[in-house]
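S.K.: Please find one structure pasted underneath; my questions will follow.
The values are calculated or read from the model by the stated rules, or taken from the named source; none is laboratory data. Here the structure is a predicted model, which is why all the values come from computation and not from measurement. Positions of Cβ are backbone-derived with ideal geometry, glycine not excepted, and every protein chain shown enters the neighbour counts.
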Amino acid sequence: MNFDEVYQYNFPTTIRFGAGTIKELPAYLQQNKLKAPLIVTDPNIAQLSFFRAIISDLQKHPVSVEVFHDIHKNPVKSDVYKGTDAWDQTNRDCIIGIGGGAALDVARAIVLRINHRDDLFKYDDLIGGDVYVTNDVPHFITIPTTAGTGSEVGRSAIISDDETHQKKILFSPKLLAKIVFADPALTMELPAFVTAATGMDALTHNMEAFLAKNHHPICDGIALEGISLIKDSLETAVNRPDLASRSNMLMGSMMGAIAFQKGLGVVHSLAHPLSSLLDTHHGLANAVNIPYGMRFNIEWFEDKFRRIARTLELKQETGEAVVNYLFELNSKINIPHKLKDIGVKEQHLEALADLAFADFAHPNNPKPVNREDFRRLYAEAL
Ligand SMILES: NC(=O)c1ccc[n+]([C@@H]2O[C@H](COP(=O)([O-])OP(=O)(O)OC[C@H]3O[C@@H](n4cnc5c(N)ncnc54)[C@H](O)[C@@H]3O)[C@@H](O)[C@H]2O)c1
Ligand SMILES: [Fe+2]
């Protein structure tokens, strides 16, 4: 590909991909007769120069801009309610999410809430709440600024309960953005640590999706190509970022999110409790756990690991070689090998194991996982 060209994809929604696509936003709003966006981001991004440039570009046009950024690092229900108040009070006509997974998830949950005003968690997908998502939703636009969650091409939002910190999933096909402006230039200044952690989240999505037990060759193909792009680019994006590595990571992260429609697995179930219990960043939690989770899976799935090893161009096409690759990659991008280095203690293990076993991601893991497996995997990684 040519990294200074713009490409358009209509799968799974319209994606304008390439450096500079963000400049198309004002014209897109005009073409769609949208004049009053609610822009949802996080308090850190709201201060960054690329964000200010987007706002000032919009202000050169007949557009009324309202920014909402009062959200938590791991978003909670009250963030969504406050954002909905901002919509109600300022007469908006569309929602633009700009940011990483946190900001995009809150934006998507506000999109849902505009015309669905029962308690937000009534719509929790895990209790079948998606059937209540029956009304129209506002025009929704996503602009990713990290390359990890792929939330920009997703249909779900992960929002936690303010008190219990339990994660809920709001899901509906209606929550897919109408258009994504995927501009890798916006990720150029992403700090090395965030690049590493979010990049490992993307790699985990692709690997877990490929291994997930459902039959889905479409997702399998996307996942392997996603793994290949990330293999070529993550270390460079962390240590010597350039447009090529940033572009490949942004593409690889969207591919991961498309692929994990098929399902995720044991690594995400190990990671989720670290965020809810200890507020660990989602990507970091996956990064530390992925070598252990993958080693657990090898036993019955050498064939699939052989295909992953081939994609990674490893000398030995074995599961063990994939696990070694993951440890080495973590070293190269400064991710610790052990949970104790990210604040986990022996006394947390029982609670973590309970939460991991209750988590929604592992039923799609190719090999069944029980509570004792989770306890053992945490102890191994400690
Ligand atoms: N919807 C989904 O399918 C899905 C999947 C996985 C995770 N998630 C959710 O996504 C969240 C994590 O998202 P994330 O990993 O993108 O992290 P994040 O959104 O928390 O962002 C990480 C940090 O990077 C900063 N940042 C973002 N873009 C930047 C830029 N361009 N330059 C400099 N700094 C920048 C942010 O302000 C923040 O401090 C979690 O809440 C998780 O639950 C959602
Ligand atoms: Fe993830």
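S.K.: Can you tell me which residue among G256, G263 is within 15 Å of ligand 2 (Cβ to nearest atom) and surrounded by 23 or more Cβ atoms within 10 Å (Cβ to Cβ)?
M.R.: Working: G263 fails: surrounded by 23 or more Cβ atoms within 10 Å (Cβ to Cβ).
Step by step, each of G256, G263 is checked, and only G256 is within 15 Å of ligand 2 (Cβ to nearest atom) and surrounded by 23 or more Cβ atoms within 10 Å (Cβ to Cβ).
S.K.: Sticking with this structure for a sec: Every residue in the range 191-203 that is surrounded by 24 or more Cβ atoms within 10 Å (Cβ to Cβ) and over 12 Å from the mean Cα position of the chain (by Cα), please.
M.R.: The first filter runs over the range 191-203 and keeps only residues surrounded by 24 or more Cβ atoms within 10 Å (Cβ to Cβ), leaving 195-203.
Hits for the range 191-203 are T195, A196.
S.K.: Then there's this: In this structure, is S160 closer than 25 Å to I96 by Cβ, modelled with pLDDT under 95, among the polar types (S, T, N, Q) and within 14 Å of ligand 1 (Cβ to nearest atom)? Outline the logic, then answer.
M.R.: Details: closer than 25 Å to I96 by Cβ: yes; modelled with pLDDT under 95: yes; among the polar types (S, T, N, Q): yes; within 14 Å of ligand 1 (Cβ to nearest atom): yes.
Judged against the criteria, S160 is a match.
S.K.: Which one of the conditions (1) within 13 Å of ligand 2 (Cβ to nearest atom); (2) of a type in the set (A, V, I, L, M, F, W, C); (3) in contact with a Phe, Trp or Tyr (Cβ under 9 Å, 6 or more places away or on another chain) does L170 fail to meet, given that it meets all the rest?
M.R.: Checking L170 against (1) within 13 Å of ligand 2 (Cβ to nearest atom); (2) of a type in the set (A, V, I, L, M, F, W, C); (3) in contact with a Phe, Trp or Tyr (Cβ under 9 Å, 6 or more places away or on another chain), the one that fails is (1).
S.K.: Of H268, H282, H272, which residue is in contact with a helix residue (DSSP H, G or I) (Cβ under 6 Å, 6 or more places away or on another chain), under 19 Å from G150 (Cα atoms), touching a residue at least 40 places away in the same chain (Cβ under 8 Å) and buried (at least 18 other Cβ atoms within 10 Å of the Cβ)? Spell out the reasoning first.
M.R.: Values: H268 fails: in contact with a helix residue (DSSP H, G or I) (Cβ under 6 Å, 6 or more places away or on another chain); H272 fails: in contact with a helix residue (DSSP H, G or I) (Cβ under 6 Å, 6 or more places away or on another chain).
Testing whether each residue is in contact with a helix residue (DSSP H, G or I) (Cβ under 6 Å, 6 or more places away or on another chain), under 19 Å from G150 (Cα atoms), touching a residue at least 40 places away in the same chain (Cβ under 8 Å) and buried (at least 18 other Cβ atoms within 10 Å of the Cβ) leaves just H282.
S.K.: Now a separate question. Looking at Q261 and the list (1) within 22 Å of Q8 (Cβ to Cβ); (2) in a loop (DSSP other than H, G, I, E, B); (3) at pLDDT 95 or above, which single condition is not satisfied?
M.R.: Result: Q261 fails condition (3) only.
S.K.: Still on this structure, please answer the following. Of the residues that make up the range 139-147, is at least one assigned to a loop (DSSP other than H, G, I, E, B), in contact with a helix residue (DSSP H, G or I) (Cβ under 6 Å, 6 or more places away or on another chain), in contact (Cβ under 8 Å) with a residue 40 or more places away in the chain and aliphatic (A, V, I, L, M)?
M.R.: Looking through the range 139-147, at least one residue is assigned to a loop (DSSP other than H, G, I, E, B), in contact with a helix residue (DSSP H, G or I) (Cβ under 6 Å, 6 or more places away or on another chain), in contact (Cβ under 8 Å) with a residue 40 or more places away in the chain and aliphatic (A, V, I, L, M).
S.K.: Hey, another quick one. Residues that are more than 16 Å from ligand 2 (Cβ to nearest atom) and closer than 20 Å to V133 by Cα: find the helices (runs of 4 or more DSSP H) completely inside the range 21-123 holding 1 or more of those.
M.R.: Values: elements: 25-31, 49-59, 77-90, 101-114.
Per the criteria, 77-90, 101-114.
S.K.: Filter the range 247-281 down to residues that are within 10 Å of ligand 1 (Cβ to nearest atom) and within 14 Å of G343 (Cα to Cα), then give me how many there are.
M.R.: 4
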